[in-house]
1. Give me D for the range 1-102 in µm² s⁻¹, whole number, from Stokes-Einstein with Rh from the Kirkwood sum over alpha-carbon pairs, 37 °C and 0.692 mPa s.
2. Alpha carbon centre of the range 242-289 versus the range 129-193: separation in Å?
3. When you count, for each residue, the other Cβ atoms within 10 Å and take the mean per peptide, how do 261-268, 183-190 rank with the highest first?
4. Just order 314-320, 69-75 by mean Cβ neighbour count inside 10 Å, highest at the front, would you?
5. How much length is gained on full extension from Arg22 to Ala326, taking 0.36 nm per residue of separation minus their Cα-Cα distance?
6. Going by average Cβ neighbours within 10 Å, how do the peptides 245-251, 155-161 rank, with the highest at the top?
7. Mean separation of Cα pairs under 8 Å and 6+ residues apart, divided by the residue count of the range 6-339: what relative contact order is that in percent?
8. How far is it, in nm, from the label point at Lys130 to the one at Ala277 when both lie 7 Å from their Cα along the line to the Cβ?
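Values quoted throughout were computed directly from the atomic coordinates according to the rules given, and no laboratory measurement underlies them. Quick caveat, the model's predicted, so the values are computed rather than measured. All Cβ positions, glycine included, derive from the backbone under ideal geometry; neighbour counts span all protein chains shown.
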Amino acid sequence: MAFYHPALFALDAERAHLLTVRALKAWGRIGAPLGRAPDAFPRLASRVAGIDFANPVGLAAGVDKNGEAIAGFFGLGFGAVEIGTLTPRPQPGNPTPRLFRLVEDRAVVNRYGFNNDGLTTGLAHAKAAKRSGVLGINVGANKDSADRIGDYALGVAGAAPVADYVTINISSPNTPGLRDLQSGAALRDLLAACAQARGDTPLFLKVAPDLDAAGIDDVVRAAADHRVDAIIIGNTTISRPALRSANGAETGGLSGAPLAPLARQRLADFRRATGGAITLVAVGGIGDAAEAYARIRAGASLIQFYTALVYEGPGLPARMLRDLDALLARDGFAHMAEAVGIDA
């Protein structure tokens, strides 16, 4: 990730991502806002999964993996910042290069593989951070773990006292076998262990957009049985729609504008499967307020984005807040929650 700028786009994509996070880390220490305050538009406030959100616009996990720039990202106007994915032990991730811009498609392919400095470091950053919104902590398993469910339970137990919510991420395509936890007995064993570890902290489940109908039903039943507070739909896709960029052939997960049709469909599928009984968070191909509003009307209580920042720049959260407020006012909604699922 890197905010659009010719100088940054001249750099290797991963180096530009790291420089961007460092810049926001430094700006966060100053404490001056870079965009709208998260609570600038009272109409956008809502209570979701027992948590008060000043607005529904969230930073997706994967941008600030180690929680280094939490204050800086809140300074852009995000109502929620989700850090991670954090694994119990530090791990380097997959070999480089592993992040590729698809400029012609306004997209990205990554195969990072949960590179992070480990749970202890990430939690220390989270504890020390200045917050002006909701903090989510996204946890995962080490690639070489002999007990992945144990890794998740350890991550949830560690993150729960620090986070406003904890996300179990079983959606990444870049850790072999990880998506096997999205179904059957493995999913139920995972959710049982994490439900016990979370205490009173809300628990979110992040799943892939590549699930089929049977997989969606399985996830929904398991989430309901284990009182998961929200389902995040979803992560990057291993599918490949028609793309113009040569980098589209790279192995990894695709994110950005080309993911939008699939992400919209999966949100609709999960809304039907849950009947509105479980909170949904929409991610994937959201790049402006119109798309965010469409996902909210389709059933999402919250939205997140990542790749759009690469192409739209750091002003995107503030623009999205302003435009979302205007769209709600145009349609006569006094509060954002009134619009959730109105088209479902």
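1. Rounded, D is 218 µm²/s.
2. For the range 242-289 versus the range 129-193, the Cα centre distance is 21 Å.
3. The most tightly packed comes first, giving 261-268, 183-190.
4. Highest mean packing first, the order is 69-75, 314-320.
5. Taking Arg22 through Ala326 to full extension adds about 106.1 nm, to one decimal.
6. For the peptides 245-251, 155-161, the packing ranking is 155-161, 245-251.
7. For the range 6-339, the relative contact order is 18 percent.
8. 4.4
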